[in-house]
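Read the structure below first, then the notes.
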Amino acid sequence: MNELARITSGDIFSRQFIGFDRIMEHLSLAQANSYPPHNIIITGDNTREIEFALAGFLPDDISITIEDAVLSVTGESSANEEKIYAHRGIAARSFTKQFSLAEYWEIEKAEFSNGILTVSIKQEVPEAKKLKAIKIEYKS
């Protein structure tokens, strides 16, 4: 069984959406990449915040980019590997986390505080694309 068939077989969504194979594959594979832990918070109708738990990272270890509507957050660990651990429960490995953004979503700001990176994004729909109500005139 090929990879796409394995991912989508038995998935209720794949039976309802024809021609969206790439999206279904992307959603299924995204579940496997859970590091670093993150939250997506709805802060308004057109605003979101993505929080990343990044204990052990410094702001200089992290980069944030958008290319072709894909938000990428990359971390290169600067942890001191010379230490000898009896137990290492805080992961500080390098990572890249990607999110596909819908149309008109842009990064508003990014903040790093107490080991939490918060990326604020906002949807800015151009005026020409916004819904316009047309008044119907009554003529008798």
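What ranking do Leu54, Leu131 get, fewest neighbouring Cβ atoms within 10 angstrom at the top? Mind dumping the intermediate values first?
Values: Leu54 24, Leu131 5.
The order, fewest Cβ neighbours first, is Leu131, Leu54.
Evaluate the relative contact order of region 35-126 (contact order divided by residue number), counting alpha-carbon pairs under 8 angstrom at least 6 apart; express in whole percent. Each step should come with its number before you reach the end.
Numbers: 164 pairs, mean separation 29.8, N = 92.
Result for region 35-126 is 32 percent.
Under 21 Å Cα-Cα from Lys97, which lysines qualify once same-chain neighbours fewer than 8 residues away are excluded?
Lys109, Lys122
Just check region 35-126 against the gyration tensor rule for me: Cα atoms, a ≥ b ≥ c as the square roots of the eigenvalues, rounded for a/c under 1.5, and otherwise prolate or oblate depending on whether a/b exceeds b/c. Provide the component values of the computation, followed by the final result.
Values: a/c = 2.88, a/b = 2.29, b/c = 1.26.
Because a/c hits 1.5 or more and a/b exceeds b/c, region 35-126 counts as prolate.
Any read-out appearing in this document is the output of simple, stated calculations on the displayed coordinates, not a laboratory observation. No experiment lies behind these values; they were computed from the predicted model shown. Using ideal geometry, Cβ is built from the backbone for each residue, glycine included, and neighbour counts are taken over all protein chains shown.
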